[in-house]
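First up is the structure itself, then whatever we jot down about it.
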Amino acid sequence: MLEIFLKKYAWAANLVLLFAGAWLLARTVNTAVGAVIRPTPRIDLASAASAGPAASLTAPLEVDRLYPLIGQKAPPPAEVAGAAPAAPPPPRTCTDLKAPPLRTSLRAQLVAGIVADPPRWSTAVITDTSSRETHTYGIGEEVLGARLLSVERLRDEADASRRGFRVAAIVCNGGQKEYVDFETGTSGGGPPPSVGVSPVPAPFAGAPPAAGAASLDGIKSMGDNRYEVQRSVIDGTLSNLNAIATQARIVPSFKNGLANGFKVFSIQPGSFYTAIGVENGDVIQKINGYEINSPDKALEVYQKLRESRHITMDIERNGQVIRKEYNVAGP
């Protein structure tokens, strides 16, 4: 029976198979052609880069409307942020002549102080208690990040007679006037001493060269730290030391408790020191190889300079040693 059915309807089975084969072939061709002609998708990076950031979907919190909903009053902005009120800045007293100084917060100790007349010539020898280095400072010079204003006599409260005074260096530290005395500085400040207030002298700005000073026409710079000096200038300078002494302040310099030369400061503009390249704060250590650490050594070098044709001078400036050379010209 099955055999008769198959023979009778074999054409139908062949037709179904032929239709299925044609359908599969058509799908295969359609997929292949579509893959060839379909454009490759590309991303436009330029457009993506130029497009702005996506808008934030976060809704702002309106505090002023939120608190009434719960029956409360909104606190002040400082309480909302949780920030403490800013402390007022300390008063700036460096230019106030009547303001008493506070004990310094610097790690510094006064070793010696010279109160001069005029006050701009005053000097102070101060030790850095952290590094144990000792240096000599003039008015207007930097002292451990502060500026030396003056060297004064302060009334000593420990004196029962109320007539005793002690020497202290007055510095401007962070806008506040502080004093450095023979006690080690602390970081907490302290009560001001009883001071017969004296004017704080401004740093010495200089004055015209003193009369009788050596002519500067005979000094010429030949390059970096090299100079040519006429013999007449050398002779005139060494024969008129009083005039040279008024053109700058020269004091002994100490480092780690030992004398290491002479420090020059408060140099007058247009003076002999300016002409030979010496600057405020320089420490003259050696001349022609001879150490200048005592008045006797300075006098010895003074006698030998009259006959020298070439002079060298070693100067310590900002912690570095600089050598200056001078060729003496002329008869």
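Distances over 11 Å make up what percent of all Cα-Cα pairs in the range 112-155?
Distances greater than 11 Å cover 65 percent of the Cα pairs.
By the rule of a C-alpha distance below 18 Å, with chain neighbours fewer than 8 residues away ignored, the lysines paired with K220 are K324. Computed with every protein chain present, the accessible area of T95 is close to 130 Å² [probe 1.4 Å].
Excluding same-chain neighbours fewer than eight residues apart, the aspartates and glutamates reachable from K177 by a Cα-Cα span under 16 Å are D96, E141, E142, E152. The slack between T31 and R92, meaning 0.36 nm per residue of separation minus the straight C-alpha distance, is 13.3 nm. For the range 219-331, what does the alpha-carbon gyration tensor say about shape, rounded, prolate or oblate, given a ≥ b ≥ c as the root eigenvalues, a/c under 1.5 as rounded, and a/b over b/c as prolate? The shape class here is rounded. Residues whose amide H lies under 5 Å from that of N288, counting only those 5 or more places away or on a different chain, are T312, M313, D314; hydrogens are built 1.01 Å from N in the peptide plane. The length gained on full extension between A245 and F19, counted as 0.36 nm times the residue separation minus their Cα-Cα distance, comes to 68.9 nm. For a straight C-alpha distance cut-off of 17 angstrom, no lysines are reachable from K8 once same-chain residues fewer than eight places away are disregarded. Between K7 and E62, the modelled labels are 9.4 nm apart [label points 7 Å from Cα along Cα→Cβ].
The values are calculated or read from the model by the stated rules, or taken from the named source; none is laboratory data. Worth saying up front: this structure is predicted, and the values here are computed from it rather than measured. Every residue, glycine as well, gets a Cβ built from its backbone with ideal geometry; the counts of neighbours run over all protein chains shown. SASA here: full protein model, heavy atoms, side chains in, ligands and nucleic acids out. Shrake-Rupley method; radii C 1.70, N 1.55, O 1.52, S 1.80 Å.
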